[in-house]
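**Student:** Attaching a single structure in structure tokens format; questions to follow.
The values are calculated or read from the model by the stated rules, or taken from the named source; none is laboratory data. Please read all numbers here as calculations on a predicted model, not as lab measurements. Backbone-built Cβ (ideal geometry, glycine too); neighbour counts: all protein chains shown.
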Amino acid sequence: MTQSVLVTGGTGYIGYCLVRRLGELFQDVHVLTRGGDAERLNALPRRPTLHRAPADGGKLAALVTSIAPGQVFHLAAPPGRAGPAMIDDYLRYSLYLMEGAAAVSGLRFVNVGTWWQIGDDGRYKPTNLYAAAKQAVHDLLVHYASQGMSACTCAPFDVYGPGDWRGRFVSALCRAFETKMPATEGIQLVNLIHVDDVVNGLLAAAAAEEEGCPLYTLGSGEPMVSLRQVAERVAALAGRPPLVDWGSVGYGPGQVFRPCPADRPPPGWTPAISLDDGLLDVLAHG
């Protein structure tokens, strides 16, 4: 494909995996960075064009318009425990990103939110300030969609995969055969989805043509499991149990014990990687 594409949040794990895939599909991949470590992106076989995002909103919008991408994937996010200043910065950044994108004819804008902004009844119920900020960005995008921009938001669930450097549960669990891993009681349910399925879901959302600004959910398609059940699956697949110190870590504020249903997939997309196959992938490749 000759169309250009723009990604924010490309230095994060999901963003990196998306950029790697986009490099296989598009000749012209651009990544907006804001100071994150770009070493992994620079090491990709198809290295993307990196742009340092201007701090000035008008200059940021002008940069996006000058790139003139056919698709924008907005994965940038504030830290999970961000305070008001970081939330304010994230919202401003997102707003001027949309403003620049709105000036590009025929552009498709795919925003990435979080299931933390959705209650277990499917209604808006932010778990924390981060989730509320993600909802605010979706609401801003709804406005731009009403003005003619083609747009949607995708909310991935609990993403895991090989090479995940974030220290999340699955990656830590698949390495916990020599040293005991601290953990909560492990009774909370999770909807684990492999990062390759998430990338395919984002690409499907980019190709969708539904009107308005739908909010899609990217879940595994399998029944939810508890963290303890995940550990049991890893033990069966690896042939030995991981060492987990259950209950050594307390639950944090706003802990969700049952995620909302993942019942709004992008048109034409279904996850392809089972939990067992995904865990085997992580066990084999780290």
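**Student:** Looking at (1) farther than 20 Å from Asp276 by Cβ; (2) within 19 Å of the chain's Cα centre (by Cα), which is the only condition Gly219 fails?
**Tutor:** It fails just one condition, (1).
For every residue, the table says whether it meets (1) hydroxyl-bearing (Ser, Thr, Tyr); (2) in contact (Cβ under 8 Å) with a residue 12 or more places away in the chain; (3) out of contact with any His (no Cβ under 8 Å at 6 or more places or on another chain).
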residue: Val195; (1), (2), (3): no, yes, yes
residue: Val199; (1), (2), (3): no, yes, yes
residue: Leu215; (1), (2), (3): no, yes, no
residue: Ser226; (1), (2), (3): yes, yes, yes
residue: Glu232; (1), (2), (3): no, no, yes
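**Student:** Tally the residues that are of a type in the set (Ser, Thr, Tyr) and either within 11 Å of Ser150 (Cα to Cα) or more than 13 Å from the chain's Cα centre (by Cα) (or both), restricting the search to the stretch 106-128. So that I can check it myself, show each step before the final result.
**Tutor:** Taking the stretch 106-128 and keeping what is of a type in the set (Ser, Thr, Tyr), we get 114, 124, 127.
Checking which are either within 11 Å of Ser150 (Cα to Cα) or more than 13 Å from the chain's Cα centre (by Cα) (or both) leaves us with 124, 127.
Residues that pass the stated criteria total 2.
**Student:** A further question on this structure: For the stretch 221-234, check the following and say yes or no: at least one residue is within 26 Å of Arg20 (Cβ to Cβ) and not in a helix (DSSP H, G or I). Talk me through it step by step, then tell me what you get.
**Tutor:** Residues of the stretch 221-234 within 26 Å of Arg20 (Cβ to Cβ): 221-222, 230, 234.
Restricting the remaining residues to those that are not in a helix (DSSP H, G or I) gives 221-222.
Yes, there is a match, as at least one residue in the stretch 221-234 is within 26 Å of Arg20 (Cβ to Cβ) and not in a helix (DSSP H, G or I).
**Student:** On to the next question. Residue by residue through the stretch 37-54, note down the ones that are part of a loop (DSSP other than H, G, I, E, B) and closer than 26 Å to Ala102 by Cα. Lay out the reasoning, then the answer.
**Tutor:** Kept after step one, since they are part of a loop (DSSP other than H, G, I, E, B), are these residues of the stretch 37-54: 37-38, 43-48, 53-54.
Listed by number, the residues that qualify are Pro48, Ala53, Pro54.
**Student:** Something else now. Being β-branched (Val, Ile, Thr), at pLDDT below 95 and not assigned by TED's automatic domain parsing to the domain that holds Leu18 narrows it down to one residue among Val256, Val230, Val249; which is it?
**Tutor:** Numbers: Val230 fails: at pLDDT below 95; Val249 fails: at pLDDT below 95.
Step by step, each of Val256, Val230, Val249 is checked, and only Val256 is β-branched (Val, Ile, Thr), at pLDDT below 95 and not assigned by TED's automatic domain parsing to the domain that holds Leu18.
**Student:** Can you pull out the residues in the stretch 1-36 that are part of a loop (DSSP other than H, G, I, E, B) and of a type outside the set (Gly, Ala, Ser)? Full working, then the answer.
**Tutor:** First pass over the stretch 1-36, keeping only residues part of a loop (DSSP other than H, G, I, E, B): 1-3, 9-12, 26-27, 34-36.
Selection gives Met1, Thr2, Gln3, Thr11, Phe26, Gln27, Arg34.
**Student:** Same structure again: Hey, does the stretch 55-67 have a residue that's crowded, with 20+ Cβ neighbours inside 10 Å and either outside any helix (DSSP H, G or I) or under 19 Å from the mean Cα position of the chain (by Cα) (or both)?
**Tutor:** no
**Student:** Another question, then. State yes or no: is Pro267 in contact with a helix residue (DSSP H, G or I) (Cβ under 9 Å, 6 or more places away or on another chain) and buried (at least 16 other Cβ atoms within 10 Å of the Cβ)?
**Tutor:** Numbers: in contact with a helix residue (DSSP H, G or I) (Cβ under 9 Å, 6 or more places away or on another chain): yes; buried (at least 16 other Cβ atoms within 10 Å of the Cβ): no.
Criteria not met by Pro267.
**Student:** Kindly indicate which of Asp120, Asp197, Asp139, Asp164 is assigned by TED's automatic domain parsing to the domain that holds Ala76, modelled with pLDDT of 95 or more and under 30 Å from Asp281 (Cβ atoms). Walk me through it before giving the result.
**Tutor:** Values: Asp120 fails: modelled with pLDDT of 95 or more; Asp139 fails: under 30 Å from Asp281 (Cβ atoms); Asp164 fails: assigned by TED's automatic domain parsing to the domain that holds Ala76.
The conditions single out Asp197.
**Student:** Here is a follow-up. Given the criterion at pLDDT 95 or above and either out of contact with any Asp or Glu (no Cβ under 9 Å at 6 or more places or on another chain) or more than 28 Å from Glu209 (Cβ to Cβ) (or both), identify the matching residue among Ala145, Ala62, Ala82.
**Tutor:** Working: Ala145 fails: either out of contact with any Asp or Glu (no Cβ under 9 Å at 6 or more places or on another chain) or more than 28 Å from Glu209 (Cβ to Cβ) (or both); Ala82 fails: at pLDDT 95 or above.
When all the criteria are applied, what remains is Ala62.
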